[in-house]
1. Per DSSP helix of 4 or more residues, -39500 (n - 2.57); summed, then divided by the residues of the protein assembly as shown. What does that give at 222 nm, rounded to the nearest 500?
2. Principal axis extents for the stretch A:221-276, Cα atoms only, whole Å, descending order, please.
3. Just check the protein assembly as shown against the gyration tensor rule for me: Cα atoms, a ≥ b ≥ c as the square roots of the eigenvalues, rounded for a/c under 1.5, and otherwise prolate or oblate depending on whether a/b exceeds b/c.
4. Where both residues lie in the protein assembly as shown, what percent of DSSP beta bridges are antiparallel, nearest 5?
5. Seen from all sides and averaged, what is the projected area of the convex hull of the Cα atoms in the stretch A:92-172, in nm²?
6. Measure nothing but the geometry: give the 0 to 90° angle between the long axis through the Cα atoms of A:109-120 and the longest principal axis through the Cα atoms of chain A, rounded to 10°.
7. Compute, for the protein assembly as shown, the length of the dipole vector about the Cα centre, with Cβ point charges of +1 (Lys, Arg) and -1 (Asp, Glu) only. Units Debye, rounded to 20.
8. Along the charge dipole of the stretch B:2-266, which of B:Thr71, B:Leu102, B:Val156 sits closest to the positive end, that is, farthest toward it, with unit charges on the beta carbon of Lys, Arg, Asp and Glu (+1, +1, -1, -1)?
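Quick note: the coordinates plus some simple rules give every number you see, no bench work behind them. In this text the structure is predicted, and so the values were computed from the model without any measurement. For neighbour counting, all protein chains shown are included, and Cβ atoms are generated from backbone atoms with ideal geometry for every residue, glycine included.
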Amino acid sequence: MSDTLLRLEHVDVGFATDDGTVSAVSDVSLSVSEGEIFGLVGESGCGKTTLAMAAMGLLPANASVRGSVRFQGQELVGLGPDDFRRLRGDRISMVFQDPMTSLDPAFSIGEQVSETITAHRDVSKKHARDRALALLAGVGIPEPERRYEDAPHRLSGGMRQRVVIATALANEPALLLADEPTTALDVTIQSQVLDLLRDLRHRLRTTIVLITHDLGVIAQICDRVGVMYAGQLVETATVAEIFRAPRHPYTQALLAALPTQDQVPGTLRVIPGRVPNLADPPPGCRFASRCPFVMEVCTTVPPLAHETADHLIACWLSEATREAGRPTGAATGGAA
Amino acid sequence: MNGQLLLSDDVAAVQPGAPILRVSGLVKHFSTDRGLLGGGAKLHAVDGVDLEINPGEVLAVVGESGSGKSTLARCILRLIDPTAGRIVFDGRDVTALKGRRLADFRQQVQPVFQDPFSSIDPRWRVGKSVAEALDAFAIGTRSERRARVLDLLDRVGLDPSLAGRRPHELSGGQRQRVGIAAALAPSPRLIVADEPVSALDVSVQAQVLNLLADLQRDLRLAILFVAHDLAVVEHISHRTAVMYLGKIVETGPTEAVFRDPRHPYTKALLAAIPHPDPERRATGSVLQGEIPSAVAPPSGCRFRTRCPVAIERCVTDEPGMTVFGEGHTAACHVARAELRGPVD
């Protein structure tokens, strides 16, 4: 792939709570290339959404972000709220699971799209309207001229999500962050929205970071994927690699837990135990307490290391990790 | 163990070959008096459904939002009264049961919901929730009930010490196990499970699916499994019924429905599954548009407005069920013509 658009290095996110600091994201490094669809997958509480919110400056006041998030070369960690506002909806935009969180029920769908344009661009109302119509048509809203004045509640869930995507694309962002964009949709509508995202990437070369719990969605449209567990990034690889030859024991267990018709009911693989309490995370690999291959060394954080150019893994079973962990015993526990 | 014995009561009473549940011509209309169409409009949530479940069988009902699958489940549970049709449980017509006899029926047919909070009281301790049905139906003595609650918790894989906890202290998977334990308490013969695993993470979902499969096998429970996740359905059910706009459009052994679907809607649903396999990527969505309003369903075949193979006849004639194999039927003019040779 081509140039790096987004690079995260050693990102930690902590939330100050009454029970102490919750380490929601711990030492995550990854990069996303221009024009690719990068999937971030994991179960509830793994930190995938928190990571995206941290990158976008959307975390609440009790959160602290450390490390580096560079987007088009610009450092985003520590950016002020005004700078973030200028960035969002312009060079980066977001799509969330529930379209109604992004749409204002009081404005017509056409106005929402054209507003997003005039908020960031000095163009005439007429120009913004024409562009909004083109965008609505581009995301598959039938008869956009006629629907322009419709309030969001007049549309079905699938159509609303298309409007949100049109709004997100209004200023031709370099990066689209989509957090569970199809989770609330029926399967036939989901497949339409996934088609749309695929098509956008081809037509506009929009880079997409897709956050989801659904391994099926990942397999369908992503190029590369990062797997998160309890705040740590445990593996990244091309989608073909992850599904053909997952290397991290958590990734393996997650894929094995998916129901298929070949498995006798009652024999699905389960992951014993529970996710650790992130207010008091264990030192080292956070999957260790549930891992069938746990070793003594797992109390030390395994560094994410290259198995191959495209396949990174953070597990002491991997020779690459052991190699990377050798000098000075590099990483020391947790987020601190 | 002890719980096992208690739970297995009654199972042998069913005659071989007789379905435990038979639903025929079931209709549920809701009136939408404040709707856009003015007074008297009717929402055709369920519009003439026939189905049967045999003892010890898992029948899945699949469909998208608005298909009527949850309304069907609620009618069978007798939580709402059907507009027309019959529900026969274990040879007895239960469509209009009231009072004491309805309570008896409810012991035999228990619900499991997506959100266990909708069936268990968030303020109650776990043990009380599980014991609720036993108390309500006055099953056993107090100490027997207590022992049974502990057995049930053990049976669903929960540490009996959790009996004193409240729901908010439990994980989502544990709560769903409590919901299942509560459903099992009165030794039902049919469980109606409406999206029981759709709120759960993959690894937890696997645990709950395993539990349901074990219970079904060990207790010879019949399960009506309402779900939208086709991978889950294919894994757990013996037979599958596909619903669209209030009607069953195809039904059959799960393997036949998934390997050899005959109705264009079933084909479209299966084609839309996001397989967790990058070598099986969907090649463009098959279905255009969205499900029409159930207030004014299309004439003839209800699927025709989105159907890629619809013919003129689909506008005027509602297709009846055609048999495509052992227990495998679908309601489609085009599929029927294909089966019967060249189109007339």
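1. The helix contribution divided over the protein assembly as shown gives -9500 deg cm²/dmol.
2. 31, 29, 18
3. The shape class here is oblate.
4. About 60 percent, rounded to the nearest 5.
5. Mean orientational projected area (the stretch A:92-172, Cα hull): 4.8 nm².
6. 70 degrees
7. That gives the protein assembly as shown a dipole magnitude of about 1300 debye.
8. B:Leu102
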